[in-house]
Amino acid sequence: MTMPKYETGRAAALALRPDEPVYCFRPSVLARDVATFLSAFPGKTAYAVKTNGEPFVLETVAGAGVRAFDVASRAEFEAVRAVAPTAEQLYMHPVKSLSDIRRALETFGIRTMALDHPDEFEKIRLIVQALDLDPRTISLFVRLATKGHAAYELSKKFGAAPGEAVELLQRVDRAGFRAGLCFHVGSQVEEISTYDGALALAASVRRQAKVDLCGLDIGGGFPAPYGRDPRGPEKAVPDPARLVADIAADVARHGFDDLELVAEPGRVMVARSLSVIVRVLLRDGKRIYINDGIWGSLSDSWTGKITLPARLIPDPARRRRVGDPKRLEDFRVCGVTCDSVDILSRPFWLPSTVDTGDFIEIGHIGAYSLSLRTRFNGFHPDTFVEVEHAFEDDPDGLEGFATVETWGEPVQEAVAGENG
Ligand SMILES: Cc1ncc(COP(=O)(O)O)c(C=O)c1O
């Protein structure tokens, strides 16, 4: 897809004066964030396609050096094959349809899958037998439920309890498959010690199962920087290179350094690569109604209770303004659809002068924005431009900025800070 190019989101907003949301894609930011993770992680990095499966994103991710992809459906198998035909695909959805298991094995040559239940194992075993495949060429990762704090807890839905995981590993091994262990500590992890806890649990399951493992997959969850409530404490999200180095040290401490290590990062790679320019359709006191919302690009921030960084781009056509452009206030954000739940769970911090007709650039929405948008009420943002500068590096400075978190604090300090 060829996209019109602009230096910044602000330049795009002022040139286009868009009345519908416009996504600003930053390929150089994406390539940089992918490269940071790849160089820090000492194992196989499988990008989680669900996070953002747009072809231009997958192309940039593959172009930056990713050779493996975590996929969950037929559409994702096809999307990866279209941009990276030789890339390895890992089918890490624990509950799959029979037809997709068959398609994965037969048509897409997928040889790695996850499961967390004996019936799922039986489904896979029977299809492998029907296709006359050698189980020793297939790696089945048993997903372990973990505990911890994240914006999205994923173990409420998936993952075997430790005793069940031991039995599943033994069953997989007995049937001649290669057995692996995996977990997902939840998306946008809030306590970094969560990984250590999950690794300790995995080590105890391994000791009890007493089977030869082919690998350990530590999933995703690595946090991305978002916005900051100015009333709250200064926050910095752990630098991914430091975070991954610390997790790798934990992996070794728990005795997993003899195994192939896999990670399935999503958010940490793509969050910063997209922003969206929206328009204020109406200001009503401390409420603003915008032309996007939870059924469009902003569902992830709604469910994950994530404060997004938002920059006001005042409409130059508006002559009269009320308020102080230097005073930031919290505005309740109402989405564009008729649904009354379409109100963001966190406010936007904007200059008090924001008014009907102004533009807002919402930053760091690259993860779970495009993939979760719907056509509800006929609204479906789908316009893209390419932008050069990172959201936080607008050469016009931080004017109109709400607050943006940065990568940064060493992990230990961040954890010590959180614990007081
Ligand atoms: C199996 C699996 N792997 C990887 C991811 C990516 O997680 P994140 O975006 O938090 O890195 C997810 C997210 O839900 C997932 O379910």
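Every read-out reported here was derived from the displayed coordinates using simple, explicitly stated rules and does not represent laboratory data. In this text, all values refer to a predicted model and were calculated from it rather than measured experimentally. Neighbour counts run over all protein chains shown; Cβ positions are idealised from the backbone, glycine included.
Classify segment 27-270 from the C-alpha gyration tensor, please: rounded if a/c falls under 1.5, else prolate or oblate depending on whether a/b exceeds b/c. The shape class here is oblate.
The amide H of PHE141, built 1.01 Å from its N in the peptide plane, has MET113, ALA114, LEU115, GLY180 as neighbours under 5 Å, considering only residues 5 or more places off or on other chains. A cut-off of 5 Å between modelled amide H atoms, ignoring neighbours fewer than 5 places along the same chain, links ALA150 with GLU190.
Let me know the charge dipole size of the chain about its Cα centre in debye, to the nearest 20, where only the beta-carbon of Lys, Arg (+1) and Asp, Glu (-1) is charged. Don't skip to the answer; put the middle values down first.
Working: 50 positive and 60 negative charges, 126 e Å.
Once rounded to the nearest 20, the dipole reads 600 debye.
Once Rg and the Kirkwood radius are both taken over the C-alpha atoms of segment 74-135, their ratio Rg/Rh works out to 0.96. When the convex hull of its Cα atoms is viewed from all sides, segment 74-187 shows a mean projected area of 7.3 nm². Sorting 315-321, 259-265 by their mean Cβ neighbour count within 10 Å, with the most densely packed peptide first, gives 259-265, 315-321. Put simply, the amide H of GLY227, placed in the peptide plane, has neighbours under 5 Å in THR307, LEU308, GLU405, leaving out anything fewer than 5 places away on its chain. For the chain, the longest principal axis of the Cα atoms and the long axis of helix 118-130 meet at an angle of about 70 degrees. Projected onto the charge dipole of the chain (+1 at Lys/Arg Cβ, -1 at Asp/Glu Cβ, origin at the Cα centre), which of SER39, ALA203, SER97 gives the Cα projection farthest towards the positive end? Farthest along the dipole direction, towards plus: SER97.
Candidate cross-link partners of LYS235 among the lysines, defined by an alpha-carbon separation under 28 Å and a same-chain spacing of 8 or more, comprise LYS50, LYS147, LYS156, LYS286, LYS305, LYS326. One quarter of the convex hull surface built on the alpha carbon atoms of segment 190-316 amounts to 11.0 nm², the projected area averaged over directions. With θ taken as phi - 60° and the Karplus curve 6.51 cos²θ - 1.76 cosθ + 1.60 applied, the whole-hertz 3J(HN,Hα) list for segment 132-140 is 6, 9, 7, x, 5, 9, 10, 9, 10 Hz, x standing for glycine and proline. Annotation: aspartates and glutamates with alpha-carbon distance below 17 angstrom to LYS123 (same-chain offsets under eight excluded): ASP100, GLU106, ASP132, ASP134, GLU167, ASP173.
Remark: for residue pairs LYS5/LYS96; LYS157/LYS210; LYS96/LYS210, the C-alpha separation exceeds 30 Å in LYS5/LYS96.
With θ taken as phi - 60° and the Karplus curve 6.51 cos²θ - 1.76 cosθ + 1.60 applied, the whole-hertz 3J(HN,Hα) list for segment 174-189 is 4, 7, x, 7, 7, 9, x, 10, 9, 8, 9, 6, x, 8, 6, 4 Hz, x standing for glycine and proline. Under a Gaussian network description of the chain, with springs only between Cα atoms under 10 Å, the residue in PRO225, PRO118, PRO233 that fluctuates furthest is PRO233. Among ASP33, ASP355, ASP217, a tally of other beta-carbon atoms within 10 Å of each Cβ gives an order, fewest to most, of ASP355, ASP33, ASP217. Three semi-axes describe the equivalent ellipsoid of the chain; taken as square roots of 5 times the Cα gyration tensor eigenvalues and ordered largest first, they are 41, 23, 18 Å. Counting only Cβ charges, +1 for Lys and Arg and -1 for Asp and Glu, the dipole size of segment 27-270 around its Cα centre is about 200 debye. In whole Å, how far is the Cα centre of segment 243-319 from that of segment 195-216? Distance between centres, Cα-based: 31 Å.
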